[in-house]
1. How big is the antiparallel share of DSSP beta bridges in the protein assembly as shown, given as a percent to the nearest 5?
2. Could you work out how far the C-alpha centroid of segment B:422-440 sits from that of segment B:1-48, in angstrom?
3. What's the center-to-center distance, using Cα atoms, between segment B:226-254 and segment A:137-163 in Å?
4. Which of the three applies to segment B:277-358, rounded, prolate or oblate, going by the alpha-carbon gyration tensor with a ≥ b ≥ c and a/c under 1.5 meaning rounded?
5. In segment B:258-363, what trypsin sites (Lys or Arg not before Pro) fall in a loop by DSSP, with at most 12 other Cβ atoms inside 10 Å?
6. What is the magnitude of the charge dipole of the protein assembly as shown about its Cα centre, with +1 placed on the Cβ of each Lys and Arg, -1 on the Cβ of each Asp and Glu, and no other charges, expressed in debye to the nearest 20?
7. Averaging the inverse of every distinct alpha carbon separation and then flipping it gives the Kirkwood radius. What is it for chain A, in angstrom units?
8. Assuming R0 = 25 Å, what is the FRET efficiency of A:Tyr233 and A:Val210, from their Cβ-Cβ distance, to the nearest 0.05?
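Values quoted throughout were computed directly from the atomic coordinates according to the rules given, and no laboratory measurement underlies them. This structure is a prediction, so every number in the text was calculated from the model and none was measured. Virtual Cβ from ideal backbone geometry, glycine too; neighbours counted across all protein chains shown.
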2 protein chains.
Amino acid sequence: MSLAIVNTYILTCKGGAPPITNGAVGIEENNIVFVGKNSEIDPNGYERIIDGSGHVTMPGLVDAHIHTGLSLLRGAAQDVPEIEWMNKALGPFARHMNDEDHLASSKLAVLEGMRAGTTTFAEFSRDVEHLIDEVYVPFKARVAAAETINEIVGRKEELYELEPSKKSLKKNERLFKKYQGDMVEPFYGPQALDMVTQETLRRIKERAGVHHRKIQMHVAQGGRERKQVETRYGTSTVKKLDELGLLKENLVAAHCHGAVAEERKMMAEKGVKMVGCPSSIGMIDGVVPPIKSFLDHGGKAALGTDQTPGNGAHNLFREMRTISLLTKCEEKDPTVLPAWDALNLATKGGSEVLGLNHKIGTLEEGKKADLITVDLKKLNMTPTVTKPFKNFIPNLVYSSTGSEVDNVVINGKLVMENGEFVDIDEEALKKEVEQRAQNVFKRAEEDWLEADAHMVKYLKEGHI
Amino acid sequence: MSLAIVNTYILTCKGGAPPITNGAVGIEENNIVFVGKNSEIDPNGYERIIDGSGHVTMPGLVDAHIHTGLSLLRGAAQDVPEIEWMNKALGPFARHMNDEDHLASSKLAVLEGMRAGTTTFAEFSRDVEHLIDEVYVPFKARVAAAETINEIVGRKEELYELEPSKKSLKKNERLFKKYQGDMVEPFYGPQALDMVTQETLRRIKERAGVHHRKIQMHVAQGGRERKQVETRYGTSTVKKLDELGLLKENLVAAHCHGAVAEERKMMAEKGVKMVGCPSSIGMIDGVVPPIKSFLDHGGKAALGTDQTPGNGAHNLFREMRTISLLTKCEEKDPTVLPAWDALNLATKGGSEVLGLNHKIGTLEEGKKADLITVDLKKLNMTPTVTKPFKNFIPNLVYSSTGSEVDNVVINGKLVMENGEFVDIDEEALKKEVEQRAQNVFKRAEEDWLEADAHMVKYLKEGHI
């Protein structure tokens, strides 16, 4: 199919290039073939024309860290101490989810993200192959997929028991053979230094080096990890990863808030990429992801939405505003992380972090056609002025809710048109999710009460 | 008219009362006449029935501090140093706005707020009578209106020149006589201690005491004010207000981030009410409003959206999440300001701060019918579970965008139905605002370039 969006404001996100105020984008098959002035495109050359007036056309957003499999549990775990979050608050529900529940969760999260303009998802999951085949491929979404490798075989009082799992690694490596097309980008997915043996990490490092493969990993995510790593190795996560030779350009490190300043500097200087998840880590840990510090050291950084319970949503417009606002308040400086830097994190920066910037992240001729239109005619985006400057750039970050996205194109295919998914039955999915959620919460109720996290207290106090 | 919303989840926001899962709300004329179980209402007794299934019905939200007159300037001043914001970044545009521009701005801000569920606006404006008559009354929105009293007559290098203005005070006092109905609640509006003479403040205090009137005032809003007050009075804002006898239950103090801990404690203990504007003050100052500290001292607090440029939007759902997340990160504690406390700030708390809690702020029989329905069937609110707890309470704060509000009732009148304003031509207003904004930015361009705030640098660097 060929498609042109005409009469539109264009934000190429290339950096250095000013926004185009009366522009057009031309798409043929999977590729962008024209980005420029409206007067220079020949609309007769395209099968479909979308009128982009009053809209900004911009790159599809990159969610550089997401676990989609838990969104059935939206609203199930927040306002609790960090130490409780995973095992006491979320765990009792998560343990009662079956494979179909996870699959429905994943579909919900991906649709929610797409509706708010996300076109690339860096999924981090067990059995990610299943999600690729059952969710990402049918939904026509681009995915950077990491298979979770977790080698915990038991939990002793002080230290997790780990054992190298060749099976997990093999499962992960199958991805690289199976998916060699444009839409799936496989990653190694060792979960975290406290959950994977150093034998396996060394092996991943070697094989990733030989085959030019990328790794995504949770790095320095806080107190629980720190304690495990200190007990096992007598050092910090970042120092141990450095010793293992993992701090290289092919590593995407999620979170990093447990790393001290000099460690962040070292990671950035060695070319490690960082993903921060401001809503998730803010909600769960009360911590601001150190994205600014990573950027200050010349590092590349991106945004992620992590998982639904905790964060609450999969909406990168929200994450752009959130990281900017949280960082301004942490630094007590309203000039830090300005709108264009926040936009970059979710577009070009995201593509660079995932090593996909040759394909996506900006609107340029020759790149894959991943793009969205945002309706500037909503009350909360009104008015739009272009002189002396384009106010829609700050407004995209500071005024939008994400619900202004109305068209979504991925790899040249129109997947959402005028706010409606083209090939996906959203209503049926929502019904399925509602039913499954009722059942999961019912099955889990007793275990949840027994685990007695703060949420139980909140229930007893009549708050929820 | 009589109206019933049936088959709905109900959040009364009364505190202590658990949410109702299969409920109904009955409205006759301006009042709530029934809140309870669906099975106990007689739908035949109502002219209009709204099916509230999959929706939560809750009190309309209270925006306890807003200046609506600048929303034509959305996106015009952010990412700049605080010291520049008002005079160098915003000022050059604001000075080129005429009365009609301000009026159109005000309409835009009020509509935007109503669309996101706000039913009461604490407007703080010069010539507020004009806004009441031309915006709030025709739009059927509830308003707590303060006429700005600003007695600056000149700016010397070190200290503003002030002169008591009987005219301003008289204009303010006219409100109390003119508006004695349900929909308009007049307030005194001395702008701030650095902008009003102590003579006038003493007079306001006396007259407010005699006539049982309320005062809204900006208190301790930062460096510029602190310097003026120290130079003029040799003390702090809060100490001087205490000396003037203003720290009483009828004072609503906006912002307060410049007050030190013991001053906040004193204000809370004396019954002063506080309004925090998290998005605005976070964006403009890089500061988190001290709402938690005020609540910890037993004070009453509420949320406001302040003004469009800076904040970016008038959306109290966004403010609920923002104050919770910012406070969690500032305190490094994810348990602080949980969802129900955030909801309280925008409902019951808001009504208490404005002294309107006998009328609004909760869903109770006998109160005025200010209420909204929120669609829980949107992707980002799915799923809804009610057992073992109601996940829609956290989801209203942590997952919503505000665009899920679909029905808005104010004083018994349905002003927005299914996402469409009933009596207001939204499209015509947006067109007018677009045109006016183009003209204001054009008229102001030269002055703006000359003022040379950071935004000009950003333009030259190609960012905006």
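1. Close to 45 percent.
2. 36 Å
3. If you average the Cα positions of each part, the centres end up 57 Å apart.
4. Taking the square roots of the gyration eigenvalues as a ≥ b ≥ c, segment B:277-358 is oblate.
5. Values: sites: B:Arg264, B:Lys265, B:Lys270, B:Lys273, B:Lys292, B:Lys300, B:Arg318, B:Arg321, B:Lys328, B:Lys332, B:Lys348, B:Lys359; in loops: B:Lys270, B:Lys300, B:Lys332, B:Lys359.
Sites meeting the loop and neighbour criteria: B:Lys332.
6. Once rounded to the nearest 20, the dipole reads 1380 debye.
7. On the way: mean 1/r = 0.0442 Å⁻¹.
Taking every pair of different Cα atoms in chain A, averaging 1/r and inverting gives 22.6 Å.
8. 0.45
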